[in-house]
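The values are calculated or read from the model by the stated rules, or taken from the named source; none is laboratory data. What you are looking at is a predicted structure, and each value in this text was computed from that prediction instead of being measured. Reconstructed Cβ throughout: ideal geometry from the backbone, glycine too, with neighbour counts over all protein chains shown. Accessible surface areas use protein heavy atoms only, side chains included; no ligands, DNA or RNA. Shrake-Rupley method; radii C 1.70, N 1.55, O 1.52, S 1.80 Å.
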Amino acid sequence: EGFSDVELRDELVTMLLAGHDTSALVLAWAFGFLASHPESVEEVYRETLEVLGPPGEDGKWPKFTVEKVMAMQKTDRILKEVMRLRPPVFEMTREVTKKAPATERKDGARRPAGSRQPLRSGAQRILFRPPRPV
């Protein structure tokens, strides 16, 4: 069974807008955290110079590649820590399409078809935030 035109439009809008919105939130929080940690800014800059090389005479940075981005481990750790502390998506839900066996749930509860099951990806990280070195 396929999507209706309205459902397809809604899915596309969600995909396009949510993708931009979540990336923007992560970057905004990252810049905010970096602003209060100048030593980390310097480390990211040094890593960028090491991985990409310095900007050319025209002021443009060398081309990014997937391999180069994957090599930026310090930057990766900072972004992951930002997403741990400030997840861009606090909670998502899924619609239950059929009854799951009670053995799948620790509390033995069953969710009726059509109900919403919360998936709390970020709630625990916000409520429990042990300090971690970046």
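General remarks:
- Per residue accessible area in Å² of the range 5-85, where ligands, DNA and RNA are left out and the probe is 1.4 Å: 74
- Rg [Å, one decimal], Dmax [Å, integer] - the range 5-85, C-alpha atoms: 16.5, 51
- Efficiency of FRET from Cβ geometry, Glu43 and Gln117, R₀ 30 Å, rounded to 0.05: 0.15
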